[in-house]
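Here you go, one structure.
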Amino acid sequence: MSLVPSITEALASVDPGALVGVTDWCTHPADLDARAGGPVARVRGTKNPDLATIRALEPDIVIANKEENRELDVRRLREAGVRVEVTDIETVPQAVAAFEYLLDDVLGWPRPGWLAEVADAWCGPPPPITHRIVVPIWRDPWMVVGPRTFTADLCRRLGWQVVHAEADGPDRYPAVDLAELDACGADVALLPDEPYLFTADDGPEVFRRTPTRLVSGRLLTWYGPSLAEAARLTL
């Protein structure tokens, strides 16, 4: 069972029939039920999983993530005798290492072709910085990607440096003043379609100084097979 959308997509690329349950936010692959040979149980969201349903499904293992899932839910599942593996992913190389561990050591599954492609594309030294960017993830209040995050590392490996947030600040996704955000000197503001759904009519209109670009949130924040496509992102 997977409680993480990125991990669900990754596991489904190898053995979708092994997934007995996923969250409501696990939207990829879009044909998961068909690949699995029947409906896969949905167990609510990443922050409020239905623990009773999870226990009733009797999974051999539940895979979670330190950032996306709550420690309280992990602890309650473990107290109920459910094995839970928790990933901790803040960089693209950590994502590759996490999938190698899960597939090789935990599940004993073969590695999919995309994993080698992702490792080759992302795990070398970062290129020179070509753009300074900000990545809002919410509005009202406005929140942005901070530097100590998976998304910031992914962007840096594309040659884009996340600016504005303080590197030593306590919040990994700090709330910011919009006027300050617009005046921070970024070359572009990337507006993803998740977790907040920025659109052409909702987001770009408030920026007076900073050019904006609508982008796929999945390509910026997911760390499974989508990384192969994300490696081709350009500004």
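DSSP loop GluC sites (Glu not before Pro) in the range 179-235 with at most 15 other Cβ atoms within 10 Å of their Cβ, which ones? Mind dumping the intermediate values first?
Details: sites: GLU180, GLU205, GLU229; in loops: none.
Sparse-neighbourhood loop GluC sites (Glu not before Pro): none present.
Semi-axes of the equivalent ellipsoid of the chain: what are they in whole Å, largest first, if each equals the square root of 5 times a C-alpha gyration tensor eigenvalue?
On the way: eigenvalues 209, 78, 53 Å².
In descending order, the three semi-axes are 32, 20, 16 Å.
Sticking with this structure for a sec: Test of understanding: express the Cα radius of gyration of the range 170-235 as a ratio to 2.2 N^0.38 Å, with N the residue count. Mind showing how you got there, number by number?
Values: Rg = 13.0 Å, N = 66, 2.2 N^0.38 = 10.8 Å.
Cα-based Rg divided by the globular estimate yields 1.20.
Whole number in Å², please: accessible area per residue of the range 18-125, 1.4 Å probe, ligands, DNA and RNA not counted.
Working: 5700 Å² over 108 residues.
Counting only protein heavy atoms, the per-residue value for the range 18-125 is 53 Å².
Given axes a ≥ b ≥ c from the Cα gyration tensor, I'd like to know whether the range 38-129 is rounded (a/c under 1.5), prolate (a/b larger than b/c) or oblate.
Numbers: a/c = 2.43, a/b = 1.84, b/c = 1.32.
Judged from the Cα gyration tensor, the range 38-129 comes out prolate (a/c at least 1.5, a/b above b/c).
Follow-up. If you take every DSSP beta bridge fully contained in the range 77-235, what fraction is antiparallel? Give it as a percent rounded to 5. List each step's numbers first, then the result.
Values: 4 of 13 bridges.
Counting only bridges with both partners in the range 77-235, antiparallel ones make up about 30 percent.
If you take the charge dipole of the range 118-235 about its Cα centre, with +1 on Lys and Arg Cβ and -1 on Asp and Glu Cβ, which of ALA189, PHE207, CYS123 is farthest toward its positive end?
So the residue furthest toward the plus end is CYS123.
Need the full-extension length gain, SER216 to ASN48, defined as separation in residues times 0.36 nm minus the C-alpha distance. One decimal, nm. Before the final figure, lay out the partial values.
Values: separation 168, 0.36 × 168 = 60.48 nm, distance 2.47 nm.
Extra length available between SER216 and ASN48 comes to 58.0 nm.
Taking the Cα centre of each part, how many Å lie between the range 94-150 and the range 172-235?
A separation of 16 Å, based on Cα centres.
Would you mind pulling out the separation of the Cα centroids of the range 22-39 and the range 65-93, in Å?
Each part reduced to its Cα centre gives a spacing of 21 Å.
Identify the trypsin sites (Lys or Arg not before Pro) of the range 72-146 meeting these criteria: DSSP loop state and at most 14 other C-beta atoms within 10 Å of the C-beta. If you can, show how the numbers build up before the last one.
Values: sites: ARG75, ARG76, ARG78, ARG83, ARG132, ARG139; in loops: ARG83, ARG139.
For trypsin sites (Lys or Arg not before Pro) across the range 72-146 that sit outside H, G, I, E and B with at most 14 neighbouring Cβ atoms in 10 Å, the list reads ARG83, ARG139.
Using R₀ = 30 Å, calculate the FRET efficiency as 1/(1 + (r/R₀)^6) where r is the Cβ-Cβ separation of GLU180 and THR130; round to 0.05. Write down the numbers at each step before the final one.
Numbers: r = 24 Å, r/R0 = 0.79.
Efficiency computed from Cβ-Cβ geometry: 0.80.
Using the beta-carbon distance between ASP120 and GLU67 and R0 = 22 Å, what value does 1/(1 + (r/R0)^6) give for FRET efficiency, to the nearest 0.05? Mind dumping the intermediate values first?
Numbers: r = 26 Å, r/R0 = 1.16.
E(calc), rounded to 0.05, equals 0.30.
The values are calculated or read from the model by the stated rules, or taken from the named source; none is laboratory data. Please read these numbers as outputs of a predicted model, since none were measured by experiment. Here the Cβ is made from the backbone with ideal geometry for all residues, glycine too, and neighbour counts use every protein chain on show. In case anyone asks, the SASA skips ligands and DNA or RNA and just uses the protein heavy atoms, side chains included. Shrake-Rupley method; radii C 1.70, N 1.55, O 1.52, S 1.80 Å.
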